[in-house]
Amino acid sequence: MNNKYDVVVVGGGHAGVEAAHAVYRSGLSCALVSFSYETIGQMSCNPAIGGLGKSHLVREVDAMGGIMAQATDMSGIQYRTLNTRKGNSVQALRAQCDRELYKKAIQDTLKLTDIEIIEGEVIDLLSNKESVFGVLLADNTEVRGKKTILTTGTFLNGIMYTGQDKIQGGRVGESAAIPLSRKLYSLNLPMGRLKTGTPARIKMSSLDLGLMEEQKGETPTPWMALSEHPTEHQKQLSCYITRTNKNTHKIIKKNIHLSAMYSGNISGIGPRYCPSIEDKVVRFGGQRQPPNIYRARGHKQRPGIPKRHLNQPAQRQHKKTLYTQLLGMENSSDRGIRLCG
């Protein structure tokens with residue numbers, strides 16, 4: 001391992017791999033530091049790319065030579081253009097991806113470069129009063145660079161909530177980056193926190209899809225990348241729609257005090273286009289019946305994901321009761337319910 005690079009990138013998520021690949025395209029040497037090589041490019045929550053407020057960013061990255069859009073087209077299992085009843089300026093392409101194929105596409109792309117991937121935990125920054133010149137790993141290895149880019153995502157002091165229960169972690173089964181978090185706090189930098197809600201994984205075999213509305217992908221199937229893409233798409237899969245009802249709204253209102261958000265445990269700001277079901281019920285008094293869209297995570301990973309408003313940080317037992325009140329989900333079984341914040 002060379003211990004001196006032009007740029008050191010910390011974190012192997014969307015931002016990290018794009019930053020590292022941009023350094024490579026610039027003809028500079030780069031080290032990408034991640035907890036594990038196996039999780040580089042992994043899609044944590046709902047495996048989708050694009051959508052309202054996001055697809056234009058994906059295509060801007062694509063226009064600059066980025067790899068996200070191309071990886072999407074190597075793994076996309078359903079494409080839909082949103083807001084088609086409105087003008088072109090507010091339409092957005094959304095692609096559901098196969099999680100394993102997307103990760104493979106990212107990792108295969110990185111293998112074609114000279115980016116050096118280093119497994120390890122960053123616990124400190126190498127710095128003086130003027131600049132940062134690298135990072136220190138947990139095994140005391142120094143990785144030096146002229147510039148250092150932090151793209152740590154949910155791992156910095158990450159906490160995962162399920163109602164009143166909480167554990168530290170950046171993702172289920174993975175540790176949070178605590179020492180690095182302490183370092184950044186010690187620098188007295190302006191700090192803020194964001195939250196992301198993770199919907200439950202539901203076994204597809206436990207759903208009665210015949211009672212739901214089938215939502216097929218767009219035809220002809222579009223491409224996310226405008227630069228280059230494969231010769232053909234992956235096999236496309238349908239999504240399925242059901243809706244909340246008065247019973248589900250009653251359960252939410254009755255247990256709202258156990259919600260991680262409404263109990264005050266979470267103070268972070270959530271994504272604008274991904275409100276939780278509690279937000280909908282509280283804001284609109286349950287007058288609406290938001291759709292819940294079940295999307296496959298991939299061809300091999302076939303549990304559906306109740307996305308679109310049903311990411312709810314409530315207790316497990318209340319979630320199970322809530323889900324079984326939905327049409328087509330009466331006999332459903334979940335595969336773990338969590339909220340990462």
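Between the listed residues Ile49, Met64, Tyr5, the Cα displaced farthest toward the positive end of the dipole of the stretch 1-86, a dipole computed from Cβ unit charges relative to the Cα centre, is found at Ile49. Here's the list of lysines a cross-link from Lys235 could span, going by alpha-carbon distance under 18 Å and ignoring same-chain residues fewer than 8 apart: Lys103, Lys104, Lys216, Lys300.
In whole percent, what relative contact order does the stretch 76-182 give with Cα contacts below 8 Å and a gap of six or more residues? Show your work: numbers first, answer last.
On the way: 140 pairs, mean separation 16.5, N = 107.
For the stretch 76-182, the relative contact order is 15 percent.
Cross-link reach is defined here as a Cα-Cα straight distance under 22 Å, omitting same-chain residues fewer than 8 places apart; for Lys280 the lysines meeting it are Lys54, Lys195, Lys246, Lys250, Lys253, Lys254, Lys307, Lys319, Lys320. Sites listed here are trypsin sites (Lys or Arg not before Pro) in the stretch 139-232 whose DSSP assignment is loop and whose Cβ has at most 11 other Cβ atoms within 10 Å: Lys216.
Annotation: amide H of Ile117 within the under-5 Å range of Leu32, sequence separation 5 or more or interchain, hydrogens built in the peptide plane. Classified by the C-alpha gyration tensor, the stretch 114-268 has an oblate form. Its axis ratio a/c, with a ≥ b ≥ c, is 1.5 or above, and a/b does not exceed b/c.
Rounded to whole Å, give me the distance from the Cα center of the stretch 183-253 to that of the stretch 34-107. One Cα centre to the other: 12 Å.
Qualifying GluC sites (Glu not before Pro) in the stretch 97-133, where qualification requires a DSSP coil assignment and no more than 16 other C-beta atoms within 10 Å, comprise Glu130. Near Leu125, the amide H atoms lying under 5 Å from its own belong to Leu136; only residues 5 or more places off or on other chains count, and H is placed 1.01 Å from N. Excluding same-chain neighbours fewer than eight residues apart, the lysines reachable from Lys147 by a Cα-Cα span under 18 Å are Lys4, Lys129, Lys183.
Rule-based calculations on the coordinates, nothing more; no lab input. Model, not experiment: these values are computed from the prediction. A quick note on method: Cβ atoms are made from the backbone with ideal geometry, for glycine too, and the neighbour counts reach across all protein chains shown.
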